[in-house]
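*Asks:* My questions all concern the structure below.
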Amino acid sequence: MVFLKFLLAVRLKIYMKWLIEVEYMSIIETVSDVNNTFLARRELVCTFKGLGGKLKKLEAADMIAKQFKLDGKVIIPINMKTHSGTQEVTGTFYVYDDEGLAKKQVNPVIFARLEKAKAKATPPAEEKKEEVAA
């Protein structure tokens with residue numbers, strides 16, 4: 001009996017994870033997908049339905065990576081624009097194979113803002129260790 005409850009719980013978790021992934025995939029619409037060979041990058045313009053005011057640039061980049069299966073590539077969110085009167089966000093993303101090439105072409109301020117957002121999203125581990133020791 002306990003085993004059956006455990007098995008049912010595991011199946012439910014797998015189904016919910018699948019449902020969430022499918023839900024994220026369905027809210028992203030591709031407006032344009034251009035392979036810019038001159039600058040060696042892929043330029044994506046996508047619309048996120050129902051996420052106006054809730055979507056952050058790093059989360060959007062992660063969603064784009066999952067949608068287009070871009071593991072190991074550098075995704076840079078360039079522009080995120082919210083449409084008035086609707087819950088839509090249109091974002092422009094550049095996808096590079098090499099981070100060095102991206103840093104040559106993209107404004108350094110964009111990288112500084114992304115690093116600042118990453119630092120804010122993940123608190124430093126040293127502060128947590130000090131709190132535990134105290």
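*Asks:* Past the 23 Å Cα-Cα mark, which pairs from K49/K69; K69/K116; K54/K116; K49/K120; K56/K81; K49/K104?
*Replies:* Over 23 Å Cα-Cα: K69/K116; K49/K120; K49/K104.
*Asks:* With 10 angstrom as the radius, rank T122, T47, T30 by how many other C-beta atoms surround their C-beta, starting from the fewest.
*Replies:* Ascending number of Cβ neighbours within 10 Å: T122, T30, T47.
*Asks:* Here is a follow-up. In the neighborhood of L55, defined by Cβ-to-Cβ distances under 12 Å, what is the net charge if each Lys or Arg adds +1 and each Asp or Glu adds -1?
*Replies:* Its environment carries a net charge of +2.
*Asks:* Grab the other residues whose beta carbon is less than 13 angstrom from that of N36, score K and R as +1, D and E as -1, and report the net.
*Replies:* Residues near N36 contribute -1 overall.
Bear in mind these aren't lab numbers, they're just calculated from the coordinates by the rules spelled out. From a predicted model like this one, the values you see are computed outputs, not experimental measurements. Note: ideal-geometry Cβ built from the backbone for every residue, glycine included; neighbour counts use all protein chains shown.
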